[in-house]
């Protein structure tokens, strides 16, 4: 059986509050990325987990990510099965690229193609430079296009 869930993301409106809650509940340690748009759980076995800043989420609920050998082929397969592609390809900070789909009920799933895909297949060295939402969301859809990266502040001289 293919398609193991390897990562799950939740949304957070307040990283400090979220980090405090999960540290008290499970003893989890967290770390934010440099742009403070993402916070990951450290030292937890698979599936890995993290939180996306609430204004940058792709879905109203959690997003489960599954590994795929061929991202484009899996997205086409999802469309043929009745799903809808939300994001065709965007770079993944941990390496490789991701795509997002909505199933027929509107649930969002992520597909992750690592730099070296499972089974040893070689993947391109760099993922595509920008997110490419496929179609505008219909009224009532919960997913929205990928957020633009936050520019880094310029250093004063």
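The values are calculated or read from the model by the stated rules, or taken from the named source; none is laboratory data. From a predicted model like this one, the values you see are computed outputs, not experimental measurements. So basically every Cβ, Gly included, is an ideal-geometry build from the backbone, and we count neighbours across all protein chains shown.
Based on this model, can you work out whether residue 68 counts as in the same structural domain as residue 95 (by TED's automatic domain parsing) and at pLDDT 90 or above? Judged against the criteria, residue 68 is a match.
Is there a residue in the stretch 2-25 that is surrounded by 18 or more Cβ atoms within 10 Å (Cβ to Cβ) and without any contact (Cβ under 8 Å) to a residue 12 or more places away in the chain? Scanning the stretch 2-25, I find no residue that is surrounded by 18 or more Cβ atoms within 10 Å (Cβ to Cβ) and without any contact (Cβ under 8 Å) to a residue 12 or more places away in the chain, so the answer is no.
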